[in-house]
Amino acid sequence: CAKEEFEWVVGEEGVDKKTWTLVEGATPKVASKTGVRVRDARTLSEVLKSAEVKLGGLLPEEVIALRLVTGGMHEVYNSIMRGGGVAAEDGKGSRFATTCLLISSGLAK
């Protein structure tokens, strides 16, 4: 689910894996569980150029995190941010520390 959400937000080819930079214009990959019907399906490049992003002074990483929290992983992120939950039943899952930090930073702006 986390991978599908990320590919919806940045696009399947949205990150250059050699330089770890964003690839402008990558198309969101629509998967069955991403809730695209009710979400903003603009490309990340389009969102980054929006007045709201510029007015808020948001970093690209914050925009990605804020878009991720509007999808199927929102319950996981909210649980972690509210009570320190983990994303796996065995208790060894990810705490998505960087993503949660970027969500918090983006919301604060």
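Summarising the amide proton neighbourhood of Val15: residues at separation of 5 or more, or on other chains, whose placed amide H is nearer than 5 Å comprise Val23. Taking label positions 7 Å along the Cα-Cβ direction at both Ala41 and Lys54, the computed distance is 2.7 nm, reported to one decimal. When a 1.4 Å probe is rolled over the protein heavy atoms, the share of accessible surface on region 39-86 that falls to carbon and sulfur comes to 58 percent. Computed 3J(HN,Hα) for region 99-107, one whole-Hz value per residue from the Karplus formula 6.51 cos²θ - 1.76 cosθ + 1.60 where θ = phi - 60°, is 4, 5, 5, 5, 4, 4, 5, x, 5, glycine and proline marked x. Across region 45-57, coupling constants 3J(HN,Hα) worked out from phi with the 6.51/-1.76/1.60 Karplus curve, θ = phi - 60°, read 4, 5, 5, 4, 8, 6, 4, 5, 5, 5, 4, x, x Hz, and Gly and Pro carry x.
The values are calculated or read from the model by the stated rules, or taken from the named source; none is laboratory data. This is a predicted model, so every value here is computed, not measured. Here the Cβ is made from the backbone with ideal geometry for all residues, glycine too, and neighbour counts use every protein chain on show. Areas reflect the complete protein model, heavy atoms only, side chains present, ligands, DNA and RNA absent. Shrake-Rupley method; radii C 1.70, N 1.55, O 1.52, S 1.80 Å.
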